[in-house]
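Take a look at the structure below.
The values are calculated or read from the model by the stated rules, or taken from the named source; none is laboratory data. Model, not experiment: these values are computed from the prediction. No Cβ is skipped: glycine too gets one built from the backbone with ideal geometry, and neighbour counts run over all protein chains shown. SASA here: full protein model, heavy atoms, side chains in, ligands and nucleic acids out. Shrake-Rupley method; radii C 1.70, N 1.55, O 1.52, S 1.80 Å.
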2 protein chains.
Amino acid sequence: MIIFKKIAIVGVGLIGGSIGLAIRTRRLSLKVIGIGRRKASLDRAIQKSAIDKATLEMEEGIKDADLVIIATPVNTVREKILEAAGYAKPGSVIIDVNSTKQNIVGISQKLPEGVYFIGTHPMAGSEKSGILSSSPELFDNTICIITPTAGTDKKVLEKIRMFWESLGARVCFMSPKAHDVMVAKASHLPHILAYALCNTLSEKELNVTGSGFKDVTRIAKSSPQMWEEIFIGNKSSVLKAIALFEKNLDILKYDIAKNKRLSLRRRLKNAMEKRQIIG
Amino acid sequence: MIIFKKIAIVGVGLIGGSIGLAIRTRRLSLKVIGIGRRKASLDRAIQKSAIDKATLEMEEGIKDADLVIIATPVNTVREKILEAAGYAKPGSVIIDVNSTKQNIVGISQKLPEGVYFIGTHPMAGSEKSGILSSSPELFDNTICIITPTAGTDKKVLEKIRMFWESLGARVCFMSPKAHDVMVAKASHLPHILAYALCNTLSEKELNVTGSGFKDVTRIAKSSPQMWEEIFIGNKSSVLKAIALFEKNLDILKYDIAKNKRLSLRRRLKNAMEKRQIIG
């Protein structure tokens, strides 16, 4: 099932590369063009069969594309959308894969007539980055949040929903604001806790950690540059999520300090049962 | 290499069962006897080949054993050590596998003449429990902390070190107090953060979590009863560890709130580099 004949991916790293691999493995388009800044990365993407063709020139890559996917680092997404839109053909659709949305969706109003933009956020990833870590199964059974706004074209929205589902993701719709609040809690908060936990232990103490500590802090191996952008880009929701977490931690602390065994056990059990919901 | 000819394991769950499996797979003793309260669990342990023989009677299981391993739930460890010691033969050694030590090691002075006790803590485990989750490789490449005291017999200590190394663990020695402070940070703190994080999200929000959240909170699937005991049993060190974590979280919060990008990135990078030490 081909929804978009020609697809351009701007930024062929972990996410962009995995999208390319998933499209090509599942034969979801006739041609995938990768656009990047470094020839070496693009060469690797071609070797890995994540893209059919590569170019360093935005115009060359974009001009015939039916779908343009912006998968560049967080702090460049806005400018890349605008740059791509300048070359995009009428009727084409631009999507991003960024993990914050309020700071991006307003851009729709700045695009040329007939070029559509829809914010999307595949909740997939890894502490690793780069084309070499990409995988055609990265989106299997993951959630992709799509953030339409009042001006979003319904037919285009439907095509983007089908596109993400064809890559293996389950789609859910949310306003940009609801999205940012939600991911602050579901994704940004766990990351900041993992970073803070690593900073709490000395190197000597790190050496007696077991598999539990390793799991909790695995995501602290993620790119500091990327997470600096996300934490500050979604500051207000992130700080609110941290405050809510602190409240929950305070409750457990109180139970421990005061030997409130029954209450403590009930709250731990509640946490366990919630965690079991997601398998 | 047989260090102890006959080994009794009191409590054949995840840890006790895995010790039995490791002993039998590696042929580290002539006989492994499992002692438990429920026949059904003991039958499963025999079916799984974790033990050679099973009994519900402490005296029967202990009397000929050269090594007794107490692997019962946290809140029963003290009484089980004392009970086993009443039947233990002169020259035999009792060890526990409990994750707190100051509340247990003092027990050495209450044991009959000629019966030795050494506190040990294999830093291995899983959010799962029970004999069905046990594995002969559970201790491979993990740390086992041994907590000798002034009165500990050096030869017995050496045998216990060799025993844990023969199960695949790397051994490190520490005072009971240093142990409790260390594991409060390396193990108990990550658990309490995972529980508090689960309690922070609504069920709806849980449904948009990705692999990062899942990893961070996997250990919140651990037994609430067990962790209630551990948190309260190691209260003073746990509360100190939480306070130290809060200080580190506050620093990140400040950087985010004040747009201190360079400082934030440096601290995230520091956390990332620490995490990379442990692979």
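Overview of values
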| quantity | calculated |
| --- | --- |
| For chain A, built as a Gaussian network whose Cα springs stay under 10 Å, the top-fluctuating residue of A:Lys89, A:Lys240, A:Lys214 | A:Lys214 |
| Summed residue charge, Cβ within 14 Å of B:Val181's Cβ, Lys/Arg positive, Asp/Glu negative | +4 |
| Dipole magnitude of the protein assembly as shown about its Cα centre (Cβ charges: Lys, Arg +1; Asp, Glu -1), debye to nearest 20 | 220 debye |
| A/B buried area, accessible surface, summed, 1.4 Å probe, Å² | 7800 Å² |
| Test item: A:123-134 mean partner chain Cβ contacts at 10 Å | 2 |
| Dipole of the protein assembly as shown, positive direction: furthest Cα of A:Ile94, A:Ile107, B:Ser126, with charges on the beta-carbon | A:Ile107 |
| 7 Å along Cα→Cβ, label-point gaps from A:Ala243 to other copies, nm, shortest first | 2.5 |
| Positive-end residue of A:Gly210, A:Met174, A:Gly20, charge dipole of chain A with Cβ unit charges | A:Gly210 |
| Length-normalised contact order for segment B:173-271 - Cα pairs under 8 Å, 6+ apart - percent | 34 percent |
| Cross-link pairs beyond the 24 Å C-alpha cut-off, checked among A:Lys128/A:Lys269; A:Lys89/A:Lys154; B:Lys39/B:Lys63; B:Lys6/B:Lys154 | A:Lys128/A:Lys269 |
| Copy-to-copy label separations for B:Phe173, where each label sits 7 Å from Cα toward Cβ, in nm and ascending | 6.8 |
| In degrees, nearest ten, helix A:224-233 long axis to first principal axis of chain A (Cα) | 90 degrees |
| Dipole of the protein assembly as shown [Lys/Arg +1, Asp/Glu -1 at C-beta], most positive-end residue of B:Ser41, B:Asn141, B:Ser237 | B:Ser237 |
| Heavy-atom accessible area per residue - the protein assembly as shown, 1.4 Å, Å² | 42 Å² |
| Fluctuation leader among A:Leu206, A:Leu82, A:Leu239 - chain A, Gaussian network, Cα springs under 10 angstrom | A:Leu206 |
| Chain B, accessible surface, carbon-and-sulfur percent (1.4 angstrom probe) | 51 percent |
| GNM flexibility winner over chain B from B:Ala54, B:Ala84, B:Ala150 (Cα, springs under 10 Å) | B:Ala150 |
| Cβ-Cβ FRET estimate between B:Ser211 and B:Ala178, R0 fixed at 45 Å, reported to 0.05 | 0.80 |
| Shortest-first distances to equivalent copies, position B:Asn103, nm, label 7 Å out along Cβ | 4.6 |
| Separation in nanometres of the label points that stand 7 Å from Cα toward Cβ, at B:Glu60 and B:Met162 | 3.2 nm |
| Where labels lie 7 Å past Cα in the beta-carbon direction, separation of B:Lys89 and A:Asp140 in nm | 5.5 nm |
